[in-house]
Amino acid sequence: IPVLEKNGLITQLDDFVWEKTCQLLRELKNMHCLLPISINISRLNFYRNHLPLLLLDLVHKYELQPQDLHLEITESVYSKDTEVIYSVIEELQQLGFVILMDDFGSGYSSLNVLKEVPVDILKLDRIFFVNEATKRSNDVVQSVIELAKKLDMETVAEGIETIPQVESLQKMQCDIIQGYVFAKPMPISEFEEKYNKDLAIIDVNH
């Protein structure tokens with residue numbers, strides 16, 4: 001990926017991933033699975049002409065809604081050309097796209113960026129959770145979650161691998177918990193099989 005970013009070909013990779021994601025979303029919607037999917041937006045994409053309209057045309061092509069496609073932007077993207085970046089993000093939000101700040105906490109200017117950037121969901125980087133939890137580390141995570149709520153943002157905890165971590169984050173009222181504790185990355189066919197089994201259990205219990 002760093003090589004593709006350096007030679008400018010990262011935008012072509014993004015286009016491919018976005019297209020495949022919308023194809024999958026359409027298939028999942030046909031199965032009545034309404035979960036959104038997140039895609040990454042590389043820095044170079046913010047300098048393309050009409051990026052918001054390009055993404056809007058893509059979701060309409062597959063008869064989707066903008067909110068079906070969540071857009072993840074890493075914290076580092078906000079470090080340069082902030083006026084350009086913020087302007088594009090605000091236009092995307094006006095069109096109905098949901099914006100996530102990915103890897104929050106992995107950089108050195110997180111709070112300053114958070115003060116300015118218009119995002120809907122804050123993804124807490126796994127760096128918060130790689131070591132054994134202490135009162136101090138829990139206090140930091142709790143404070144970030146509370147701050148996000150004050151700013152009307154949802155929170156996602158990334159890289160969660162144990163049940164005690166899940167229970168702790170639930171007590172902190174973290175909105176979404178993501179990680180290997182639930183499942184590792186899997187092929188689409190395996191996900192669809194798992195989803196169909198889970199849906200059948202729900203139908204029976206209902």
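Note on the chain: with neighbouring protein chains present and a 1.4 Å probe, carbon and sulfur make up 54 percent of its accessible heavy-atom surface.
Think of the stretch 68-206 as a dipole: +1 on every Lys or Arg Cβ, -1 on every Asp or Glu Cβ, centred on the Cα centre; then among Pro164, Phe104, Ile145, Pro164 lies furthest on the positive end.
Where in the stretch 111-125 does the label zone of Ser87 land, with the point 7 angstrom along Cα→C-beta and an amide N cut-off under 19 Å? Backbone N within reach: 116-119. Computed over protein heavy atoms with a 1.4 Å probe, the accessible surface of the stretch 50-206 works out to 61 Å² per residue.
Kirkwood analysis of the Cα pair distances in the chain returns a hydrodynamic radius of 18.6 Å. Only helical runs count toward this figure. For the chain, summing -39,500 (n - 2.57) over DSSP H runs of n ≥ 4 and dividing by all residues gives -15500 deg cm²/dmol at 222 nm. With R₀ set to 22 Å, the beta-carbon distance separating Val130 from Phe182 gives a calculated FRET efficiency near 0.80.
Calculated FRET efficiency, Lys80 to Thr162, Cβ-Cβ distance, R0 = 30 Å: about 0.20 to the nearest 0.05. The calculated FRET efficiency for Lys6 paired with Ser106, based on their beta-carbon distance and R0 = 25 Å, is about 0.75. Stretching the chain fully between Glu193 and Lys29 yields a gain of 57.5 nm (0.36 nm per residue, less the alpha carbon separation). Short-range pairs are left out: with C-alpha atoms under 8 Å and at least six residues apart, the relative contact order of the chain is 13 percent. Mean separation of Cα pairs under 8 Å and 6 or more residues apart, divided by the residue count, gives the stretch 55-150 a relative contact order of 25 percent.
Measuring between their Cα centroids, the stretch 5-79 and the stretch 81-97 lie 14 Å from each other. DSSP finds beta bridges in the stretch 64-137, and of those with both partners inside it, around 0 percent are antiparallel. Candidate cross-link partners of Lys6 among the lysines, defined by an alpha-carbon separation under 20 Å and a same-chain spacing of 8 or more, comprise Lys80.
The values are calculated or read from the model by the stated rules, or taken from the named source; none is laboratory data. Just so we're clear, the structure is a prediction, and the values are computed from it rather than from any experiment. Here the Cβ is made from the backbone with ideal geometry for all residues, glycine too, and neighbour counts use every protein chain on show. We work out accessible area using only protein heavy atoms, side chains counted, and drop any ligands, DNA or RNA first. Shrake-Rupley method; radii C 1.70, N 1.55, O 1.52, S 1.80 Å.
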